[in-house]
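In what follows, a structure is listed as structure tokens, so that the remarks can point back to it.
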Amino acid sequence: MAQFDVKITLPNQVFHGTQMKAIPGIRQKPINKAYCRANKDFGSGFYTTIDLYQATRWARKSIDDVIAFNRKMGQPLISNISEGELPAVAVLNCEPDGNNLDIPVHDFRAESKEWADFILKHRFDSSNVSCNCSLHPDIVCGVMADNNTGDIIAKFRKENRQIDNPADLKWFWERITLSQEGRRLIGLELGDQIAFLNEDLNEMLTVKGYYKYNLSKRIDVVTPQNYTEEWDYYEN
Ligand SMILES: [Zn+2]
């Protein structure tokens, strides 16, 4: 197997989609194992992206659900949304310089079989304290699995599929690269993510500001061209 001698330069700035109520905690301690959920794509950690549009879409989902509910109930569309529930995107400076840590990084380029295998193992069973992968890195970079991965994993379990069975990995791999409309997504169409999995890395991450969702500026059809119009930016 080819060995690569790699030097990686992390982005100077990363985004994290969340809600307003989480911003103070992220400011204090971005990577906080107390809040990291189990069974995530690359393991339990703090997930960021270099793509602001992706982070805003992710953050906006919580509101989309409330608005869809209100529409169904015939209520004013933006009632029942508190300040804390408003979508937010934390903007973090990433400054590894000056840190003398030896940091294991795994960078997955595109939707390779190895990428799908890594996600399957962590989605199937991983937490802050355990995982099935042989070399658990501190930082993982790679494309994002489709948003329905939770449902796909549930089906994987129900059908008694096995994480070390190549045919079952192929089954999983094919499904996590399909869009909701059933179209095969390739490369950057899947989105980008950088996961920080070790609290020791907190010293390189600093919140420098955040985007707050502005309900009164809500756009029904958001595109990469117009999406920033819904958001107000606050610098620290
Ligand atoms: Zn792992």
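The values are calculated or read from the model by the stated rules, or taken from the named source; none is laboratory data. Given the structure is predicted, the values throughout are model-derived calculations rather than measurements. Counting neighbours? That spans all protein chains shown, and the Cβs are built from the backbone with ideal geometry, glycine included.
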_Counted residues, segment 185-226 - those being touching a Ser or Thr at 6+ places or on another chain (Cβ under 6 Å) and over 30 Å from Glu83 (Cβ atoms)_ = 1
*Could you run through segment 189-210 and say how many residues are within 16 Å of the chain's Cα centre (by Cα) and either within 16 Å of the ligand (Cβ to nearest atom) or at positive phi (or both)?*
7
_Phe46 being touching a Gly at 6+ places or on another chain (Cβ under 8 Å), surrounded by 13 or more Cβ atoms within 10 Å (Cβ to Cβ), under 22 Å from Ile139 (Cα atoms) and touching a residue at least 24 places away in the same chain (Cβ under 8 Å)_ = no
*If the Cβ limit is 6 Å and pairs must be 6+ apart or interchain, which residue in segment 1-21 that is over 13 Å from Gly209 (Cα atoms) pairs with which residue that is exposed (fewer than 10 other Cβ atoms within 10 Å of the Cβ) and aromatic (Phe, Trp, Tyr)?*
none
*How do the pairs read when you match residues in segment 66-93 that are free of Cβ contacts under 8 Å to residues at least 12 places away in the same chain with residues anywhere that are loosely packed, with under 11 Cβ neighbours inside 10 Å, using Cβ under 7 Å and keeping only pairs 6 or more apart or on different chains?*
Asn70/Pro76; Asn70/Ser79
_Quick check on segment 111-165: of everything there that is among the aliphatic types (A, V, I, L, M), within 13 Å of the ligand (Cβ to nearest atom) and more than 22 Å from Val6 (Cβ to Cβ), which residue is modelled with the lowest pLDDT?_
Val129
_Just the residues that are closer than 10 Å to Lys21 by Cα and charged (D, E, K, R), please, taken from segment 78-96._
Glu83, Glu85
